[in-house]
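**Q** Have a look at the structure that comes next, please.
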Amino acid sequence: MTSPDGDGTVVARSEEIADGEMLGVHVDGRSIAIYRSEGRLYATGNICTHGQALLTDGWLEDGVIECPLHGGRFDIGSGACLGPPVDEPLATYPVSERDGEIRVSTRTEARP
Ligand code: FES
């Protein structure tokens, strides 16, 4: 489900990610996690920087994603590590929502 345009790539319909939920997608060969938390959308890399674990298999609470493998925690807005064992931040990506579609751009990847 991809259709690249100027705002990024369409990765999901709005109703696929309810508040407090997340979705793993692939864009431009990258594994990306999309989160909706307190009404806002966020996007980070979906593979933990500590090991081979998908963050979307973990737990999302209060803007923090917890890795399912060793419990590493990251801020979904900045990608910052919030304590051991993780010590490398996640990449973050611009994400937007329009006309019932969620788009992610990998062109302007940002790091904290
Ligand atoms: S693989 Fe995520 S904390 Fe170890």
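The values are calculated or read from the model by the stated rules, or taken from the named source; none is laboratory data. A quick note: this is a predicted structure, and the numbers were derived from the prediction, not measured. Cβ placement follows ideal geometry from the backbone for every residue including glycine, while neighbour counts extend to all protein chains displayed. Only protein heavy atoms, including side chains, enter the accessible area calculation; ligands, DNA and RNA are left aside. Shrake-Rupley method; radii C 1.70, N 1.55, O 1.52, S 1.80 Å.
**Q** Go through the range 12-39 residue by residue and tally those that are of a type outside the set (Ser, Thr, Tyr), open to solvent by less than 50 Å² (accessible area, probe 1.4 Å) and assigned to a strand (DSSP E or B). Can you show your working first?
**A** The first filter runs over the range 12-39 and keeps only residues of a type outside the set (Ser, Thr, Tyr), leaving 12-13, 15-30, 32-34, 36, 38-39.
Checking the rest, the ones that are also open to solvent by less than 50 Å² (accessible area, probe 1.4 Å) come to 12, 17-18, 20, 22-25, 27, 32-34, 36.
Applying the additional criterion that residues be assigned to a strand (DSSP E or B) yields 12, 22-25, 27, 32-34, 36.
The qualifying residues number 10.
**Q** Within the set of pairs 6+ apart or on separate chains, which have a first residue in the range 43-66 that is closer than 20 Å to residue 105 by Cα, a second that is hydroxyl-bearing (Ser, Thr, Tyr) and surrounded by 15 or more Cβ atoms within 10 Å (Cβ to Cβ), and C-beta atoms under 6 Å apart?
**A** So the pair list comes out as 43/93; 44/92; 46/56.
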